[in-house]
Every structure is written in C-alpha cells, then in structure tokens.
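A.B. asks: Quick one: structure below, then a few questions.
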There are 2 protein chains.
Amino acid sequence: MTTTQGARARARIEITAAIKDEARRQLAAEGAAKLSLRAVARELGMVSSALYRYFPSRDDLLTALIIDAYDSVGAAAERAHATAETAAPGDHLAHWTATCRAVRAWAVEHPHEYALIYGSPVPGYTAPQDTVVPASRVGLVLISVARAAYGDKGIALPPLPEVLRAEAERLAAGVAPDLPPPLVATLVSTWAQLFGLISFEVFGQFNNIVEDRDTFFANAAERLGRESGLLPKP
Amino acid sequence: MTTTQGARARARIEITAAIKDEARRQLAAEGAAKLSLRAVARELGMVSSALYRYFPSRDDLLTALIIDAYDSVGAAAERAHATAETAAPGDHLAHWTATCRAVRAWAVEHPHEYALIYGSPVPGYTAPQDTVVPASRVGLVLISVARAAYGDKGIALPPLPEVLRAEAERLAAGVAPDLPPPLVATLVSTWAQLFGLISFEVFGQFNNIVEDRDTFFANAAERLGRESGLLPKP
DNA sequence: CTGAAACGAGAGCAGTGCTCTTGCTCGTGA
DNA sequence: TCACGAGCAAGAGCACTGCTCTCGTTTCAG
C-alpha cells in the first residue's frame, strides 16, 4: 500500500532527490552564489523549465538544501553525542567536546553547506518555518548535555546580573524550562561562541593565523564546556 | 602640486567613490548577491561598460567594498577604544566591553556589509592581500586592550595544555610577540567567539530566542573579557 | 602640437531565473 | 473500460546579468 504508490509518485521522489543531489554537488563545487537551476537541469539531462515542476523557484531549492544541511549537521551531532555517552558514561565534558568536534568536523567537510546555514543569509530571504525544527537539533544536543550535567551534580555558575534576569527567564521558558535560567542564558551565548570558532575557521578568518586547528579547536571547545559549568574546576 | 593633479584624475577619484557609494546603497538594500553592476551604472546615469574602466570586474568592486567595510568597522572599534580609554583610564574591562559593543553596533547598523566581511565568502574566493591589513584592525584593538591589562597588573590564565604550546608560541610570534603565548591563544579564541555572538544576532540565529539583545550581548562580552583575564575575578 | 592613453557609448555574447504554451502520458473516477 | 483531468517534459521567449569589443571623443604629457 504505502510502498507501491504508483510509478509516478515514486519517480517524483527519485527525481526530487536527484535534483537535490546534483544541486548539492554544484554547491560543494562552486558555492551557493553560483548554483544555477539551468546547470542542474542540464546535468540531469532535462530542460530547465521541467525543474520547476519540482521546485517552484531557486530559493525553494535552496531552502530544501538548507533543511537537509541542518538535518545533516544535527544528525552528526546526535550521533557523536550518543557515541560519547556510551563510551564514557557520566563524563559530561567528554560528551560536550565530542559533540562540538563532530559539528566542527561536519562544517570543515561541508563548508558550503555550512555557509548556507550559518553564513550570511541569502538575498531578501526569510527562513521559512520548516527550517526551525531541523535548525534546532544541534542546540538541543548541547542542551541535553547541560541537562545531564545539571541533573548529575548541579552546576555552579557565576550569578547573572540583575538586568539579565528577565531575559534569562524568558530564554529558559522558551528553550529549556527545566533548567535554571542562568544556565540557559550561559548556554545560549556559549552556543553562539562555539559557532563563532567554527565559522572563523571555515570562512578563512584563521588563515595565516591558526595552524594546528584541530588542537586549537579542541582546547577552545573544552574551555567553553568548562565555563558553561559542565565540569567542576580542576 | 598634490592637490591639482588634473581634472581627469580628480574626476576618476570622484567617480570611483560615487560607484562605491551607489554599490553600498544597493548592498544595504538588497544584499551582496543582488548587487548588479548594470544597476549601479544605470543609477549613476552611465552605461555598464563605462563602469569597467573603474573596476575590472564585479568581484573587484566587491573587494573594494570589503576593504572599506573592514576599515569602517576597524575605525569604529578604534574610536570606541580611544573614547573609553580617556573616559575610564586603567579600567581595562571597560575598554574591552566598549570595543565589543562598538563592533556589534556597527554590525547591527550595517548588516550586509558585516555579512560581506564576516559571513560566507562570496565569489570563487581567494581574499586578496589588500584586505589583510584592514581586516586586522579590530583584532589589533582587542590585542592592545589585552596588552595594556597585561602590562598593568599581569594576567592570570589557566595553564594551556602541553599539546597547544607549540601552536600558542607560533600564534604569539605572528600576532603579538610581546605577550605570553597562552594569553595570545586565549585572545584568538575569544576573538572568534566574540564574532560568533555578533554573527548569530546579525544573521538571525537569535530570532525568537534572544529578545533583549543589548543586555544579552553586553553581558556576554563582559564575560568574554573576564575569561580573557582582563579583570581579576571579583 | 601631436600622439597615446583614458574615457563614454553602444552593440553583442553567453548565461541566468522564470513564464507560458504545446503536446504527451499517466492514473483515477464515472 | 475508458475518458478526462492532472502531471509532466520540452521549447520558445522575456528581462536581466557580467563581460568584451569596437568606435569616436576628450584629455593630458612629452
């Protein structure tokens, strides 16, 4: 029933996937700016207008790629986290750094897809609602690490200044209501800072500056984790 | 002598500036992807081919805008730093946060120019050598804050792991040979993290998450400064 | 004063996103 | 069963892009 849904429907799925694959290939080769619908169609042996049956516009194709990219990096983070959890149960800092390293590895491996989701937003383009769930996957992993560490032994954080209390409470309510607001606020800024490290590397800001990027990042990620209170100070 | 260099040379300077101004206007209005040489020329009342007398290609125009943007944000940082220095001499943390806030304010005010320099690299991309000096201005301000704090009262930093020593020494040699390597390494990662905070805000990653971004950023910047050892722990 | 360099204008090329029309081919409801 | 509507590929075409080349004109320097 569900499998044999007609040759037509199946072909549509396959062709849609083929278009996305070819688009991803061009993305990896040339970057988002040079992704051309016509070139994709040409490579697939069809005419450009036929492609509009599957994606109503170039932006819609890009949106599909964005969603896939969020899912891809999110899955990588979840995988690394799960692996670290079974390899070193209870070592929250290890879970944290493993997750961070997986995200960075994905970014280095797929720089153009990374740029698509964490770089400059494309022209006049406002992210459709479909992207917000996939976009949150990495963040959810980071939160779950913090949650485990908090449930395990509590987390000592520097007290937030009074002016931030309202914001921290709103933040916590929307993101992780079961965690103390100061922790959530810290986590959000840590989250942004983590991607700052990755973006600077992927976008070339570290060129001629940082050489041994593996160890540099590993150290920075660990410090980030420490400062988020994932580990008692040594 | 130097002022009367012929009407032609003066015209060239003026027209070059006019082109960049109009390009900047289109950049702010539509983003880098939609910046069109023809539209710029049209708006300036000339024909598109004439524009190639001033910029040999679209990428060269973008490169000029990139350099200007680096200079603009660099100048903003230097200005803020100088002001803070005279307003609160010796308060290194205040100098730090003032600089950070100035950079963020510039970014929020010029999101597309910010995206141009700190977002995904646009063209086939190899950053021309002309950009590296302007690109370093913000970093130099941050370094000078750290240098002042270090010269003033020393800075206590957590010891770097042994694996990072070589990298930290190379880093320090290339960036600030007069500062202790661990401090320089910390500073570099702090630098990246600072721009992570700004990028997430400018690129919309904080949408529906962080509301009161002024205070959120101010707090995060201050913590970054503290963790870079700019202030003895309270 | 003259020749070379710089300049603006225009035509033209190859490419783009996107639309519209034209037939063909499925798959389903009568 | 089979006819009709929906889905599809193809092609022509529009308006736009970056960029090149040519052709007169203007300017400046030797």
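A.B. asks: Going by the rotation axis that takes chain A to chain B, pick out the residue of A with the closest C-beta and quote the gap in whole Å.
C.D. replies: Measuring from each Cβ to the axis, the minimum is at A:GLY196, 1.
A.B. asks: Another question, if that's okay. Which one of A:GLY119, A:GLY196, A:GLY204 has the biggest mean-square fluctuation once chain A is modelled by GNM with Cα springs under 10 Å?
C.D. replies: Most flexible of the set in this elastic network: A:GLY204.
A.B. asks: At 7 angstrom along the Cα-to-beta-carbon line, where would the label on A:ARG8 sit relative to the other copies? Give the distances in nm, shortest first.
C.D. replies: 6.9
A.B. asks: Would you work out the relative contact order for segment A:63-137, in percent, from Cα pairs under 8 angstrom that are 6 or more residues apart?
C.D. replies: With pairs under 8 Å counted, the relative contact order is 52 percent.
A.B. asks: Here's another thing I want to ask about it. Output the 0 to 90 degree angle, nearest 10, between the alpha-carbon long axis of helix B:92-109 and the longest principal axis computed from the alpha carbons of chain B.
C.D. replies: Helix B:92-109 and the main axis of chain B meet at about 30 degrees.
A.B. asks: Based on C-alpha coordinates, I'd like the Rg and Dmax of segment B:40-89, in Å.
C.D. replies: 17.7, 54
A.B. asks: Rounded to whole Å and sorted largest first, what semi-axes of the equivalent ellipsoid does the C-alpha gyration tensor of segment B:153-226 yield via the square root of 5 times each eigenvalue?
C.D. replies: 30, 13, 10
A.B. asks: While we're looking at this one, here's another question. I'm checking a number: the convex hull volume of the Cα atoms of segment B:183-225, normalised per residue, in Å³. What is it?
C.D. replies: For segment B:183-225, the hull spanned by Cα atoms encloses 55 Å³ per residue.
A.B. asks: Now a separate question. In Å, what Rg and Dmax follow from the Cα atoms of chain B?
C.D. replies: Spelled out, the Cα radius of gyration and Dmax of chain B are 20.6, 63 Å.
A.B. asks: How do A:TYR150, B:TYR118, A:TYR52 rank when sorted from fewest to most other Cβ atoms within 10 Å of their own Cβ?
C.D. replies: Result, fewest neighbours first: A:TYR52, A:TYR150, B:TYR118.
A.B. asks: Just from its helices, what would the mean residue ellipticity at 222 nm be for chain A, if runs of 4 or more DSSP H residues each count -39500 (n - 2.57) and the sum is divided by every residue, rounded to the nearest 500 deg cm²/dmol?
C.D. replies: -22000 deg cm²/dmol
A.B. asks: How crowded by other chains is A:210-217, given as the mean number of beta carbons from other chains within 10 Å of each beta carbon?
C.D. replies: 5
A.B. asks: Here's another thing I want to ask about it. Under 8 Å for C-alpha pairs, at least 6 residues apart: give me the relative contact order for chain A, rounded to a whole percent.
C.D. replies: Rounded, it is 20 percent for chain A.
A.B. asks: What does the C-alpha gyration tensor say about the overall shape of segment B:1-135? Classify as rounded when a/c is under 1.5, otherwise prolate if a/b is larger than b/c, or oblate.
C.D. replies: prolate
A.B. asks: I've got another one for you. Evaluate the distance, in nm, between pseudo-label points positioned 7 Å from the Cα of A:ALA75 and of A:SER136 along their respective Cα→Cβ axes.
C.D. replies: Here the answer is 2.1 nm between the modelled labels.
A.B. asks: Under the √(5λ) rule applied to the eigenvalues of the Cα gyration tensor, what semi-axes describe the equivalent ellipsoid of the protein assembly as shown? Give them in Å, descending.
C.D. replies: Semi-axes from the Cα gyration tensor: 37, 34, 19 Å.
A.B. asks: Just how far, in whole angstrom, is segment A:46-65 from segment B:38-117 if you go by their alpha carbon centroids?
C.D. replies: Cα centroid of segment B:38-117 versus Cα centroid of segment A:46-65: 35 Å apart.
A.B. asks: Can you give me the angle between helix A:213-227 and the longest principal axis of chain A, using Cα atoms only, in degrees from 0 to 90, rounded to the nearest 10?
C.D. replies: Compared with the principal axis, the helix lies near 50 degrees.
A.B. asks: Identify which of A:ASP60, A:ASP212, A:ASP21 has the largest mean-square fluctuation in a Gaussian network model of chain A, with springs joining Cα atoms closer than 10 Å.
C.D. replies: Largest GNM mean-square fluctuation: A:ASP212.
A.B. asks: Only Cα pairs within less than 10 Å get springs; with that Gaussian network setup on chain B, which residue of B:GLU201, B:GLU43, B:GLU222 has the largest fluctuation?
C.D. replies: Maximum among the listed residues: B:GLU43.
A.B. asks: Pick out, from B:PRO128, B:TYR114, B:THR99, the residue whose Cα sits farthest towards the positive end of the charge dipole of segment B:95-190, with +1 on the Cβ of Lys and Arg and -1 on the Cβ of Asp and Glu.
C.D. replies: Result: B:THR99.
A.B. asks: Moving on. Please give the helix B:137-153 orientation as an angle from the longest Cα principal axis of chain B, in degrees from 0 to 90, rounded to the nearest 10.
C.D. replies: Roughly 20 degrees between the two axes.
Taken together, the values in this text are just the output of simple stated rules run on the coordinates, not laboratory data. None of the values given here were measured: they were computed from a predicted structure. Methodologically, a virtual Cβ is constructed for each residue, glycine included, from the backbone with ideal geometry; neighbour enumeration extends over all protein chains shown.
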